[in-house]
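Peer 1: One structure, as structure tokens, below. Some questions next.
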Amino acid sequence: MFGKNFLKRVTLALILGALIVTSPVIVEAQESEKFFPLGTGGISGVYYPAGGAICRLVDVGRRKGEHNIRCTVESTGASVYNVNSLRTGDLALGIVQSDVEYQAYNGTESFKEIGPNPDLRVLFNLQSEAFTLVVRRDANIKTFEDLAGKRMNIGDPGSGNRNTLELLMREYGWTAEIFKLATDLKPAEMAGALCDNKIDAYVYVIAHPNGSVTEASTTCDSHLVSLTGPKIDEFVKKYPFYPPAVIPGKMYKGTDEDTITFGPKAVLLTSVNLPEEAAYIITKSVFSNLEEFKELHPALSKLTAQSMLEGSTVPFHPGAERYFKEVGLLK
């Protein structure tokens, strides 16, 4: 079941709900609500607003009296943090990169020591993401190889950004020692550090358009760098959960041509501990209001019901599967 920290938060929320109302009927309604925390990422990324959009749609049904599920959004260290918190039960739901999802489920890479987590389950997939390399123009970085000897932000510990970058660095035989400086800034700090000339480059695995990249491109002379070449081709072939991706030219100031790269999908992940009815309601809340959901953030605009069922390597939660079969998306 869910961990002690999660249970403490739920208990506290219920106590506070009981303290602020006087009507026994309302108290009973408050106590019957079921709270499910959803881990996202930094507030400057897409995970946080996407998580907020999911919980907002779930809450519409709750306020109409259709169910008693309450989804609460938490800003976290992103993918690795979220998937570890699903294991401990401190989160009921988490948005996770599909590469991290695969590694956690199978117990590979950074999850070798802790072992596989066969209890992970998917509700649905979200937007495609791109491994995005943002650099200062005066740093003279034109390829990934040019990062050697530069001041590089390798990412917040526990983030998908760092996980993916370290996997690619291994392909090159690199460690953090290859950089003149290796920082572990959070997403909200990266653009500011770049434009303050504290770092030369940072990587962000993110859907586009993105606020951090926009900030960097409009605040200082920066641009995006394409990820191409034999080693990149080998990397993408070795890890099929990193399909090719393109960031359109002119989306950001300073980058007129298309940026060629790769990237995973974002996945709404949970575990077998999430009750089937809760999984069903959360999934239905989003899919039955899909057009509204897509309008809540530009990165979600290209989603389709079918694409949200594709790209995951973990089984669907029975509650989500029940909804998909009910509406004919799965047989």
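Peer 1: State the Cα centre-to-centre distance between the range 281-331 and the range 147-204 in whole Å.
Peer 2: Each part reduced to its Cα centre gives a spacing of 33 Å.
Peer 1: Let me ask something else about it. For the chain, what is the convex hull volume of the alpha-carbon atoms per residue, in Å³?
Peer 2: Hull volume over Cα atoms, normalised by residue count, gives 139 Å³.
Peer 1: Pulled fully out, how much extra length does the chain show between Asp119 and Lys237, if you take 0.36 nm times their separation in residues and subtract their Cα-Cα distance?
Peer 2: 39.7 nm
Peer 1: Let me ask something else about it. Mind giving me the FRET efficiency for Glu292 and Ala188? R0 is 35 Å, r the Cβ-Cβ distance, nearest 0.05 is fine.
Peer 2: 0.80
Peer 1: Could you tell me what a quarter of the Cα convex hull surface of the range 130-262 works out to, in nm² with one decimal place?
Peer 2: Mean orientational projected area (the range 130-262, Cα hull): 7.0 nm².
Peer 1: Kirkwood hydrodynamic radius, computed over distinct alpha-carbon pairs, for the range 54-101: how many Å, to one decimal?
Peer 2: Numbers: mean 1/r = 0.0839 Å⁻¹.
Mean inverse Cα-Cα distance, inverted, gives 11.9 Å.
Peer 1: Same structure again: If you stretched the chain out fully between Thr108 and Gln306, how much longer would it get, using 0.36 nm times the residue separation minus the C-alpha to C-alpha distance? Please report the intermediate quantities before stating the final value.
Peer 2: Values: separation 198, 0.36 × 198 = 71.28 nm, distance 2.85 nm.
Working it through step by step, the gained length comes to 68.4 nm.
Peer 1: Using the alpha-carbon atoms, what tilt in degrees (0 to 90, nearest 10) does helix 4-19 show relative to the longest principal axis of the chain?
Peer 2: 50
Peer 1: Something else about it: Among the trypsin sites (Lys or Arg not before Pro) in the range 64-93, which ones are in a DSSP loop with at most 12 other Cβ atoms within 10 Å of the Cβ? Mind listing them?
Peer 2: Working: sites: Lys64, Arg70, Arg87; in loops: Lys64.
For trypsin sites (Lys or Arg not before Pro) across the range 64-93 that sit outside H, G, I, E and B with at most 12 neighbouring Cβ atoms in 10 Å, the list reads Lys64.
Peer 1: Dipole magnitude of the chain about its Cα centre, charges +1 at Lys/Arg Cβ and -1 at Asp/Glu Cβ only, in debye to the nearest 20?
Peer 2: 320
Peer 1: At 0.36 nm per residue, and after removing the present C-alpha to C-alpha distance, how many nm does the segment from Lys64 to Lys325 gain when stretched out fully? Display every interim value, and only then the final one.
Peer 2: Details: separation 261, 0.36 × 261 = 93.96 nm, distance 2.49 nm.
Length gained, Lys64 through Lys325: 91.5 nm.
Peer 1: So which of Lys180/Lys238; Lys265/Lys294; Lys142/Lys231; Lys265/Lys325; Lys34/Lys64; Lys64/Lys294 end up more than 18 Å apart, counting from Cα to Cα?
Peer 2: Values: Lys180/Lys238 29 Å; Lys265/Lys294 16 Å; Lys142/Lys231 15 Å; Lys265/Lys325 23 Å; Lys34/Lys64 15 Å; Lys64/Lys294 22 Å.
Over 18 Å Cα-Cα: Lys180/Lys238; Lys265/Lys325; Lys64/Lys294.
Peer 1: Grab the DSSP H runs of the chain that are 4 residues or longer, score each as -39,500 (n - 2.57), total them, divide by all residues and round the 222 nm result to the nearest 500 deg cm²/dmol.
Peer 2: -11500 deg cm²/dmol
Peer 1: Follow-up question, since we're still on this one. Give me the one-decimal nm value for the distance between modelled label points at Asp221 and Lys198, 7 Å along each residue's Cα-to-Cβ direction.
Peer 2: Each label point lies 7 Å from its Cα, and together they span 2.2 nm.
Peer 1: Also, I was wondering about something else. Once you put a point 7 Å from the Cα of Glu177 and another 7 Å from the Cα of Asp138, both along the Cβ direction, what distance in nm separates them?
Peer 2: With each label placed 7 Å out from Cα toward Cβ, I get 3.1 nm.
Peer 1: Roughly what angle does helix 160-171 make with the longest principal axis of the chain, taking Cα atoms, 0 to 90 degrees, to the nearest 10?
Peer 2: In the chain, helix 160-171 runs at an angle near 40 degrees to the longest axis.
Rule-based calculations on the coordinates, nothing more; no lab input. Treat the numbers as computed from the prediction; the structure is a model and nothing was measured. Backbone-built Cβ (ideal geometry, glycine too); neighbour counts: all protein chains shown.
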